[in-house]
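The values are calculated or read from the model by the stated rules, or taken from the named source; none is laboratory data. The structure presented is a predicted model; accordingly, all values stated were derived computationally and were not measured. Cβ coordinates were reconstructed from backbone atoms using ideal geometry, including for glycine residues, and neighbour counts include every protein chain displayed.
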Amino acid sequence: MIFDCIILGAGASGLMCASKIKTAKTLIVEGNPQPGLKLLASGGGLCNFYNSEISFKNYYGQNPHFCISALKSFDFEDFKKMLAKNKAEFTLREDGKFFARSSKSVLDALLNSLPQNIDLRLGCKFDKASKNRDIFEVFAGGKVFKCKNLVCSLGALSRKSMGASPSAFDLAESFGHEIAKPYPALCGVIFTGDLKKRFADTAGISLQAELSCGKNKFEGGLLFTHEGLSGPALFNLSLYGIKNKTLEINFCPKIKAEDFIKQNKNGPKHLLALLERLVPPRLAKALLNGFDKRTADLTKSEIALTAREINAFSFTVDKLGGYEKAEITAGGVSTKDISSRTMMSQKVKNLYFTGECLDVSGQLGGYNLAWAWASACAAAKTINEA
């Protein structure tokens, strides 16, 4: 039997693609015992599946404009109708984020939208694929399947416990595609050495801060954990590759600390007490790192150095949370040989790549699922029109 289409992966992108394909014979190959494991875990069970304010500026990759065509052509109103038809309730928050009442409801809506002719093989781990003339041969679960169109929606390296693997990259390379160096993204920083000792008593502290690394800058929530740092601002910054680079944090972005200290030299008797007006007490203590002095006796250089710890604290990022904790994998299948309109390989006809495996990585806020939906629909549309 030769399938019209085989989709590798029953995650968000793979299921969306399958739900839109109108061919007579379609097979989905999924290595996990159940579909959509990563989607189920999305948002801690509350799936942030889209954002009302989407731009290519919310994405990072070697070609920052690659995502424009697919995102613009994606019919979000049709997606909402699918959710409504399957009674998957959702809300639009003030920040533009669409949240489902449950991640399971989104997964169920996708599964219920699959055409009756879909053959879904669970626990069928993909191994490799090749092409003989116009037919692909897919080796999975100890069997060989044949098809005319092959869609790779295998994801990337994040969350191995949910089935993540380098399979998509291996497949792409076997067909001559380049891989943009992958790294964990939308993840936290782990403190090591002196930093770990210095901030040992800060776990649980959260505040609004401004983070920057090179030309990239984000302001938002920052959280101290028992391992290091987390929070939306840091997650978004991690998208741009911060390992072994200098990370700068402004813990009090709305106040110039140097002016504040000078203006309050006649206030609290000691510097620590004064800084506790700017940042949480345990953080103030960690930033001073054992230094304290009568406020009135501070020298100009001491004021400047202290202010820098508040407004421009910097350190080199030695360690990130890693793939098991990262929300996504940045990098991936290079887009230079992929059609931005159809997601088809420009090297191998009828071979498609969708979702996270591509070198298109979104910020927090529903952007990565938006890309999963949009890229999947672009591929499905092309297959339907062939």
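Considering each of Glu53, Glu89 in turn, give the residue that is over 15 Å from the mean Cα position of the chain (by Cα), farther than 24 Å from Ala326 by Cα and not basic (Lys, Arg).
Glu89
Among the numbered criteria (1) under 22 Å from the mean Cα position of the chain (by Cα); (2) over 22 Å from Thr23 (Cα atoms); (3) surrounded by 14 or more Cβ atoms within 10 Å (Cβ to Cβ), which one does Leu110 miss?
(2)
Mind checking whether some residue in region 372-383 is modelled with pLDDT of 95 or more, at positive phi and surrounded by 23 or more Cβ atoms within 10 Å (Cβ to Cβ)? Please lay out each step first, then the result.
Quick first cut of region 372-383, residues modelled with pLDDT of 95 or more only: 372-383.
Within this subset, residues satisfying the condition of being at positive phi are none.
No: zero hits.
Considering only residues that are in a helix (DSSP H, G or I) and among the charged types (D, E, K, R), look in region 85-141 and name the one that is farthest from Gly365 (Cα to Cα).
Filtering region 85-141 for residues that are in a helix (DSSP H, G or I) and among the charged types (D, E, K, R), the one farthest from Gly365 (Cα to Cα) comes out as Lys85.
Within region 179-200, is even one residue modelled with pLDDT of 95 or more, in a loop (DSSP other than H, G, I, E, B), over 30 Å from Ile249 (Cα atoms) and in contact with a strand residue (DSSP E or B) (Cβ under 9 Å, 6 or more places away or on another chain)?
No, the conditions are met nowhere in region 179-200.
Taking region 49-65 as the region of interest, how many residues are crowded, with 20+ Cβ neighbours inside 10 Å and not in a strand (DSSP E or B)? Please lay out each step first, then the result.
Of all residues in region 49-65, those crowded, with 20+ Cβ neighbours inside 10 Å come to 49-51, 54, 58-61.
So of that shortlist, the ones also not in a strand (DSSP E or B) come out as 54, 58, 61.
So the answer is 3.
Among strands (runs of 3 or more DSSP E) lying entirely in region 230-348, which contain 1 or more residues that are buried (at least 19 other Cβ atoms within 10 Å of the Cβ) and touching a residue at least 24 places away in the same chain (Cβ under 8 Å)?
246-250, 328-333
Are any residues in region 60-86 farther than 24 Å from Ser339 by Cα and either without any contact (Cβ under 8 Å) to a residue 60 or more places away in the chain or not aliphatic (A, V, I, L, M) (or both), and if so, which ones?
Glu77, Lys80, Lys81, Leu83, Ala84, Lys85, Asn86
Given the conditions (1) within 17 Å of the chain's Cα centre (by Cα); (2) of a type outside the set (A, V, I, L, M, F, W, C); (3) modelled with pLDDT of 95 or more, and given that Pro64 satisfies all but one, which numbered condition is not satisfied?
In the conditions (1) within 17 Å of the chain's Cα centre (by Cα); (2) of a type outside the set (A, V, I, L, M, F, W, C); (3) modelled with pLDDT of 95 or more, Pro64 misses (3) alone.
Is there a residue in region 351-358 that is under 13 Å from Phe66 (Cα atoms), at pLDDT 95 or above, assigned to a loop (DSSP other than H, G, I, E, B) and not charged (D, E, K, R)?
Yes: one or more hits.
In region 1-48, what count of residues is obtained for those that are in contact with a Ser or Thr (Cβ under 6 Å, 6 or more places away or on another chain), without any contact (Cβ under 8 Å) to a residue 60 or more places away in the chain and either part of a loop (DSSP other than H, G, I, E, B) or surrounded by 24 or more Cβ atoms within 10 Å (Cβ to Cβ) (or both)?
0
In region 200-223, which residues are under 20 Å from the mean Cα position of the chain (by Cα) and hydrophobic (A, V, I, L, M, F, W, C)?
If the condition is that a residue be under 20 Å from the mean Cα position of the chain (by Cα) and hydrophobic (A, V, I, L, M, F, W, C), then Leu211, Cys213, Phe218, Leu222, Leu223 are the ones that fit.
Those residues that are among the polar types (S, T, N, Q), under 12 Å from the mean Cα position of the chain (by Cα) and crowded, with 24+ Cβ neighbours inside 10 Å, I need them from region 349-367; list them, please.
The one that is among the polar types (S, T, N, Q), under 12 Å from the mean Cα position of the chain (by Cα) and crowded, with 24+ Cβ neighbours inside 10 Å: Ser361.
Out of the residues in region 144-160 that are assigned to a loop (DSSP other than H, G, I, E, B) and not hydroxyl-bearing (Ser, Thr, Tyr), state the one that is surrounded by the fewest Cβ atoms within 10 Å (Cβ to Cβ).
Across region 144-160, the extreme among qualifying residues is Arg159.
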